[in-house]
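Novice: Let me give you the structure first, and then I'll get to my questions.
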Amino acid sequence: MRKFNVVVNGKAYAVDVEEIGGDTSAAIQTQTAPSAPAASKPVVGEGTPVKAPMPGLILSLAHKDGDTVKQNEKVVVLEAMKMENDINASADGVITYVVKKGDNVETGAVLAYIK
């Protein structure tokens, strides 16, 4: 039985590994676990932000950058827990997206600005 320390998502675990059969004289290769991704910089834009109410995947953008939107009009479709959620404009104005289709976002992430 051999003991190893393994780091997964920044959390360390002590692991016991049992060798069974095979050549025990084989060299063990070690690989450094990738470091956690750096926190993304906050996006700064002009206007009223449209934020994600929950973490999820951007399925579609309902408009193009520069389109005029009305308050409570659908601007993004966000998939969370296998459900599609319409994210609506928080104000009237011209929309500028910060995200694109296929992006994963966290709760509170800015999706777009309306100016």
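The values are calculated or read from the model by the stated rules, or taken from the named source; none is laboratory data. What you see is a predicted model, and the numbers here were worked out from it, not measured in a lab. With ideal geometry, Cβ positions are generated from the backbone for all residues, glycine too; neighbour counts draw on all protein chains shown.
Novice: Quick check on the stretch 101-115: of everything there that is more than 20 Å from Lys82 (Cβ to Cβ) and small (Gly, Ala, Ser), which residue is farthest from the chain's Cα centre (by Cα)?
Specialist: Looking only at the stretch 101-115, we keep the residues that are more than 20 Å from Lys82 (Cβ to Cβ), and these are 108, 110, 112-115.
Narrowing further to those that are small (Gly, Ala, Ser): 108, 112.
On the way: Gly108: 11, Ala112: 15 Å.
The qualifying residue farthest from the chain's Cα centre (by Cα) is Ala112.
Novice: Please go through (1) within 30 Å of Asn5 (Cβ to Cβ); (2) at pLDDT below 90; (3) surrounded by 12 or more Cβ atoms within 10 Å (Cβ to Cβ) for Gly45 and return the number of the only condition it doesn't satisfy.
Specialist: Of (1) within 30 Å of Asn5 (Cβ to Cβ); (2) at pLDDT below 90; (3) surrounded by 12 or more Cβ atoms within 10 Å (Cβ to Cβ), only one is false for Gly45: (1).
Novice: Moving to a separate point now. Among the residues of the stretch 72-90, count how many are under 11 Å from Val50 (Cβ atoms) and of a type in the set (S, T, N, Q).
Specialist: Count: 2.
Novice: I would also like to ask the following. So, restricting to strands (runs of 3 or more DSSP E) that lie completely within the stretch 61-115, which ones have at least 1 residues that are among the aliphatic types (A, V, I, L, M), more than 22 Å from Glu46 (Cβ to Cβ) and touching a residue at least 12 places away in the same chain (Cβ under 8 Å)? Give the derivation first.
Specialist: On the way: elements: 74-80, 83-88, 93-97, 110-114.
Ranges flagged: 74-80.
Novice: What's the number of the only condition in (1) surrounded by 10 or more Cβ atoms within 10 Å (Cβ to Cβ); (2) modelled with pLDDT under 75; (3) of a type outside the set (Lys, Arg) that Gly21 fails to meet?
Specialist: So Gly21 meets the others, but not (1).
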